[in-house]
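The values are calculated or read from the model by the stated rules, or taken from the named source; none is laboratory data. Keep in mind the model is a prediction, meaning the values are calculated, not measured. When we count neighbours, we look across all protein chains shown, and the Cβ atoms used for this are built from the backbone with ideal geometry, even at glycine.
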Ligand SMILES: *[C@@H]1O[C@H](CO)[C@@H](O)[C@H](O)[C@H]1NC(C)=O
Ligand SMILES: *[C@@H]1O[C@H](CO)[C@@H](O)[C@H](O)[C@H]1NC(C)=O
Ligand SMILES: *[C@@H]1O[C@H](CO)[C@@H](O)[C@H](O)[C@H]1NC(C)=O
């Protein structure tokens, strides 16, 4: 429009421009308008925001990968060995570096997407891939690196294994997923968790609340208003200095929760690498709260037991409606649950 205004204001001058020139200008103008609108439509239609990294880096590249965050006091020890994912659901499983048996169990059961080919077809050719996010232990690092070069599905960090040091690991996993993968949903899990893949697809692709909130879903076993433990003698004690408010923001328990990529992107600027809150699942809730995402859909589970399953490791009970539950105590249990879910 700006091009037209001076012409319209000084109408007599138009006569001095030849008809040919006017025709060329008109064609250029409408051509530009056409290009602009069509370009915008293409962007809007693209379901997955594809980053430059995912389109230019090939999976087999062996070149050194730069530090994900030079300021972070955590790094990947096997960055060149990790296969990138381009697909729908990325599963990021926190796993003890010593737990190869648990990882193998998942790889050959619900982590094997070939087993669910029929369900994947049913939901428009869904793809998913399981990654394992581990810490460091000097006695197992050699075996873990070999395992990593075989399976290419491990994120081995340099943080010593420890219960209170998971927040940084989760942040690094999130960061890695944003930098190197393209996906719509992220399922954060643990290595003793069974995931019912058909139920996972069902909740993501058919649940009305999930569909309504599109790219802003935080789903899991949500604790809406938990009080920090102020008992000094408790293992779970949280001092006022560490966290002052009387309640935590809503958070999903860490055994399994779903985030959309957009949420992972929005919380990224809030990552505190120096002093993150040490309960990783509560911390994710805090980050989401801090990010103040408009249109966020927090999916509480109420009574459907979709995320609230707690299984005693000694028994192996199939829970029909559950998406995720722990603790699975053996490979035979993991296998039997997976077989029942197919
Ligand atoms: C992990 O690597 C980071 C970055 O190089 C470093 O600052 C940190 O001290 C390392 N941590 C451990 C436990 O080795
Ligand atoms: C995955 O499942 C398919 C189909 O059941 C099977 O042929 C393949 O060997 C499995 N792979 C692993 C690693 O378990
Ligand atoms: C959160 O977002 C809303 C709407 O965009 C805005 O009005 C509000 O000030 C924001 N709150 C904070 C704490 O940033």
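A few notes on this one:
- Subset of segment 107-120 (residues that are more than 10 Å from ligand 2 (Cβ to nearest atom) and either crowded, with 19+ Cβ neighbours inside 10 Å or more than 16 Å from residue 87 (Cβ to Cβ) (or both)): 110, 118, 120
- In segment 143-201, the qualifying residues are those that are farther than 15 Å from residue 255 by Cα, touching a helix residue (DSSP H, G or I) at 6+ places or on another chain (Cβ under 7 Å) and part of a loop (DSSP other than H, G, I, E, B), and the one that is farthest from ligand 2 (Cβ to nearest atom) is 184.
- Single residue of 261, 266 found to be free of Cβ contacts under 8 Å to residues at least 60 places away in the same chain, surrounded by 12 or more Cβ atoms within 10 Å (Cβ to Cβ) and touching a helix residue (DSSP H, G or I) at 6+ places or on another chain (Cβ under 8 Å): 266
- Beta carbons closer than 6 Å, at least 6 apart along the sequence or on distinct chains, pair a first residue in segment 111-128 that is touching a residue at least 40 places away in the same chain (Cβ under 8 Å) and more than 13 Å from residue 202 (Cβ to Cβ) with a second that is in a helix (DSSP H, G or I) and within 12 Å of ligand 2 (Cβ to nearest atom) for 128/113.
- Extreme residue, surrounded by the most Cβ atoms within 10 Å (Cβ to Cβ), among residues of segment 202-246 that are in a loop (DSSP other than H, G, I, E, B) and within 18 Å of the chain's Cα centre (by Cα): 220
- Qualifying residue in segment 121-134 (condition: under 17 Å from residue 255 (Cα atoms), buried (at least 18 other Cβ atoms within 10 Å of the Cβ), within 16 Å of ligand 1 (Cβ to nearest atom) and at pLDDT 95 or above): yes
- Subset of segment 73-102 that is farther than 19 Å from residue 177 by Cα and surrounded by 15 or more Cβ atoms within 10 Å (Cβ to Cβ) - its residue that is farthest from ligand 1 (Cβ to nearest atom): 102
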